[in-house]
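These notes concern the structure reproduced below.
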Amino acid sequence: MTEKKQISRKDFLKGMGTSLAGVAVAGSLGGLLTGCSAETASSSSEAAPYPFKYKKLDPAIAEERAYNAYFDQGGWGVGVAEGFFGYLADEVGYPFNQLPPKAFSHAGSGYGQGTLCGALGVGATCIGMVTDVDTSKKLVGELFNWYKTHEFPQYQPEDLNLTTTIAETTLCEDSVGNFMEAQGVAYGDHERKARCAGVTADVVRKVVELLNETV
């Protein structure tokens with residue numbers, strides 16, 4: 001392992017700002033690169049009933065899609081959205097094909113402030129779209145409690161032997177900062193990105209598992 005680098009809160013937030021700038025650009029292109037044609041969007045004259053009808057998903061496929069989307073499409077929120085809404089769009093179609101994953105680009109880097117982990121925020125949205133209010137509150141609570149004690153990341157397809165760490169909170173700054181200190185890497189290093197992609201994958205897997213057991 002390389003010598004640990006001293007990571008200050010200022011350096012952490014500065015790194016997030018640089019990363020978020022790229023995500024913002026990607027998000028601005030979302031309307032051009034994803035979504036459905038006007039013909040498809042107008043195929044139904046009525047709004048889909050709430051909650052949307054959920055179809056059980058394969059957690060392994062969901063986490064793989066989320067991990068890849070983190071790199072290919074732009075971060076935590078997009079990754080979870082692709083692993084869930086993108087997957088359901090392919091499996092079910094309407095109304096999930098009306099939710100372009102890039103619309104969740106803003107969730108990256110703790111919503112640009114190092115606050116709530118973007119994977120958690122979008123994960124809660126996924127649950128809320130397909131469950132009634134009471135069930136949604138219950139499952140989101142379970143998801144958040146799980147996040148605070150889970151050893152991230154379990155999903156490591158690149159075999160980088162990344163150090164697993166426990167966030168103990170739902171805050172992006174703490175979750176990522178704990179890992180960078182333990183691994184001895186900077187925010188811009190690939191190991192940090194692979195770790196956060198793994199967090200994204202772990203979160204969407206947990207969302208799918210909770211819904212598969214409940215809905």
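The values are calculated or read from the model by the stated rules, or taken from the named source; none is laboratory data. Remember, predicted model here, so these are calculated numbers, not experimental data. So basically every Cβ, Gly included, is an ideal-geometry build from the backbone, and we count neighbours across all protein chains shown. All accessible areas refer to the heavy atoms of the entire protein, side chains included, with ligands and DNA or RNA removed. Shrake-Rupley method; radii C 1.70, N 1.55, O 1.52, S 1.80 Å.
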- [ ] Compute the distance in nm between two label points, each set 7 Å from the Cα along the Cα-to-Cβ direction, one at ASP189 and one at GLU168.
- [x] 2.1 nm
Open item on the list: Computing the accessible area with a 1.4 Å probe over protein heavy atoms, can you report the carbon and sulfur percentage for segment 77-215?
Closed with: 47 percent
Task: Under 5 Å, built H, 5+ apart or other chain: amide partners of THR165 - done: PHE152
Task: Note, ³J(HN,Hα) from phi for segment 98-104, Karplus 6.51, -1.76, 1.60, rounded to Hz, x at Gly and Pro - done: 9, 10, x, x, 5, 5, 9
Task: Per residue accessible area in Å² of segment 51-178, where ligands, DNA and RNA are left out and the probe is 1.4 Å - done: 41 Å²
Task: Phi to ³J(HN,Hα) by Karplus 6.51 cos²θ - 1.76 cosθ + 1.60 over segment 138-149, Hz, x for Gly, Pro - done: 5, 5, 5, x, 5, 4, 5, 5, 4, 4, 5, 10
Open item on the list: Going Cα to Cα from LYS148, which aspartates and glutamates come in below 20 Å? Please leave out same-chain ones fewer than 8 positions away.
Closed with: GLU63, GLU168, GLU173, ASP174, GLU181, ASP202, GLU209
